[in-house]
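Engineer: Right, I'll just put the structure down here and ask away after.
The values are calculated or read from the model by the stated rules, or taken from the named source; none is laboratory data. What you see is a predicted model, and the numbers here were worked out from it, not measured in a lab.
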Amino acid sequence: MQINLTGFLEKKTPEFMRDLWTMLLSAQSGTGGIPQEVLERKKQEILKKKEEDEKIAKRLREIEDEARKRKEEIQSRVSPRSSLRSFAVSGVSIPHFLSGSKIPRERKGFQPPQSAGGQACRLERGW
């Protein structure tokens, strides 16, 4: 067999034949007919792949956590109601302001905003 493979494998034929005989003897003595070396190599390959998958999953979780924190931070800074609260606090309801209708002055405790000259300011539509 070695002589027949020499033309194909050239100088590597003796190494190949030695490894082949070792595997054949291992397969013959083992259960299932698979050489122990092949089984061990496959186990190592599977473990390595599993470790890589775990590293990737861990990195994905870190990225998701970071994105969630950024989103919460942005939402806490810019609340959609934060700019509208100032109108509600001053006594001007948002629908009245947006419609351009006059501000109801009969509310108790309502003080219209004062300009620098001391006169009451008027909110106009189309600002």
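Engineer: Residue under question is SER26, and the condition is that it be modelled with pLDDT under 85 and assigned to a helix (DSSP H, G or I); does it hold?
Structural biologist: Considered against the rule, which asks whether it is modelled with pLDDT under 85 and assigned to a helix (DSSP H, G or I), SER26 comes out as no.
Engineer: Let me ask you something else. If you go through the stretch 17-40 one residue at a time, how many are of a type in the set (A, V, I, L, M, F, W, C) and farther than 24 Å from ASN4 by Cα?
Structural biologist: 3
Conditions (1) of a type in the set (Gly, Ala, Ser); (2) modelled with pLDDT under 75, marked per residue:
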| position | (1), (2) |
| --- | --- |
| LYS42 | no, no |
| LYS48 | no, no |
| ALA57 | yes, no |
| GLU106 | no, yes |
